[in-house]
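A.B. asks: Sharing a structure with you now.
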Amino acid sequence: MISKTLLLLATLLGGMVNASPGVDASQVPGKNTPAVTSRDANSSETKSREARRTRVADGFSADEIVIKVQEFYNQAQQLTAFFRQTYTNTTFGTESISNGKVWIKKPGMMRWDYKSKGKRVNKSFISDGTTLWAVEHDNKQVLKKSLERNLLPVAITFLYGKGDLARDFAAKLDMSGTYGKKSDHVLELTPRRPSAQYKMLYLVVDPGNFRVKQSIVVEASGNINHFRFYRPDTKRPVKDSWFLVDEKKLRSYRIVDSGETAGH
């Protein structure tokens, strides 16, 4: 469960915002935030031609954009963002929306806080680079996983300067106009090694600095996991303490160590 959730989160990140985990939750995108909606895959031919002209005119190939995206994250020491996640179950035609905030810091630290409608944090994914915790406050449960034996996929690790997108994905430009603005670069990434969890990854890339503005994971089942990232900040310091979980303070929680479970 943890691995699958993180793989879907993985495909990630781009925008960031100033503030610490104690930031006023009202800043998280809500009902009054203009939605960034996916466009119909069957967009008109005119719209597709406009998108194609804009992107080809920039003169970057898909492989060149992948390299520049990798360079952006190689250079960034920390990232912070508000995010909105939209999960679409294509079988049942249902859609769920979650809001939250994410922090990433080299080497290998990350934190994803999901907030309820009441603006409180109800779920967190936290890693200090060696251990991953999934904290579910509503269920009072913590799932713990060692990352020493269970490496995260490159879709996550490239964010803090590890991994190689070009090595692990075959890239081409998406000209359909389904995702992003006309001026955005949209990459369609296919894993070079088949995955049982997802079959396609789209990255909407800012043409100005090559950060990822949106990521869209198409699962093997056809379901779609769409992340949008808001208000970038790569400058403000991020504290190491934000990526630690003090299990002594969670004594009322059930802690499940998946590494120990796997050993039985």
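The values are calculated or read from the model by the stated rules, or taken from the named source; none is laboratory data. Treat the numbers as computed from the prediction; the structure is a model and nothing was measured. For neighbour counting, all protein chains shown are included, and Cβ atoms are generated from backbone atoms with ideal geometry for every residue, glycine included.
A.B. asks: Does at least one position in region 38-54 carry a residue that is under 29 Å from residue 121 (Cβ atoms) and modelled with pLDDT of 80 or more?
C.D. replies: no
A.B. asks: Separate question: With the structure loaded, tell me whether residue 104 is part of a helix (DSSP H, G or I) and not charged (D, E, K, R) or whether it fails that test.
C.D. replies: no
A.B. asks: Then there is this: Working carefully through the options 236, 193, find the one that is under 25 Å from residue 80 (Cα atoms) and at pLDDT below 95.
C.D. replies: None of the other options fit; the residue is 236.
A.B. asks: Right, here's the next one. Conditions: (1) surrounded by fewer than 17 Cβ atoms within 10 Å (Cβ to Cβ); (2) within 21 Å of residue 105 (Cβ to Cβ). Residue 210 meets all but one. Number of the miss?
C.D. replies: (1)
A.B. asks: Of all residues in region 93-129 being farther than 16 Å from residue 82 by Cα and either among the charged types (D, E, K, R) or touching a helix residue (DSSP H, G or I) at 6+ places or on another chain (Cβ under 7 Å) (or both), which is surrounded by the fewest Cβ atoms within 10 Å (Cβ to Cβ)?
C.D. replies: 107
A.B. asks: Just to verify a result, which residue in region 78-101, among those that are outside any strand (DSSP E or B) and not small (Gly, Ala, Ser), is nearest to residue 227 (Cα to Cα)?
C.D. replies: Per the stated criteria, the residue is 90.
A.B. asks: Go through region 107-125 and give me each residue that's in a strand (DSSP E or B) and either under 15 Å from residue 258 (Cα atoms) or hydroxyl-bearing (Ser, Thr, Tyr) (or both).
C.D. replies: Hits for region 107-125 are 114, 124, 125.
A.B. asks: Restricting region 139-181 to residues that are in a loop (DSSP other than H, G, I, E, B), at pLDDT 85 or above and not charged (D, E, K, R), which is surrounded by the fewest Cβ atoms within 10 Å (Cβ to Cβ)?
C.D. replies: 139
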